[in-house]
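Just so it is clear, none of the values below were taken in a lab; they were calculated from the coordinates. As the structure is a computational prediction, the values presented were derived from the model and not from experiment.
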Amino acid sequence: MDHLFAVAGRLATPISPTGLAAEGLLERQHLQEWVIANPQVLGESVLVITAEFDRWADTDGVPTRDRLDVLGLDATGRLVVVELKRGNSRPRRPPGTTTPPNL
């Protein structure tokens, strides 16, 4: 069970769970821009490189139609791929693959 709190100074007040849609927020215009402005939510030393990245290909070299919401690098130079979701949707994988596509 998740517990959410609004924190103001030393006071933490329990709040009810909510969602982006219920709050009138959109994935791309609000959540994605917030993540880009606050990359520390992705990890301590993640550098955001770009958003809406669509210049990659699947393992067969075929350009994909999908876009990565946020693309970054961590301190060791490894890619950080962020796919934002507003609900309980499961990650999608290209047909016939068992692992995420290689970049």
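Tabulated results
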{"item": "C-alpha center-to-center spacing [segment 19-58, segment 64-80] in angstrom", "result": "11 Å"}
{"item": "Whole-Hz ³J(HN,Hα) from phi, Karplus 6.51 cos²θ - 1.76 cosθ + 1.60, for segment 33-46, glycine and proline x", "result": "5, 5, 4, 5, 6, 10, x, 4, 5, 8, x, 4, 10, 7"}
{"item": "Value of relative contact order over segment 1-73, rounded to a whole percent, pairs C-alpha under 8 Å and six or more apart", "result": "20 percent"}
{"item": "Gyration tensor verdict on segment 9-51 (Cα atoms; rounded if a/c is under 1.5, prolate if a/b is larger than b/c, oblate otherwise)", "result": "oblate"}
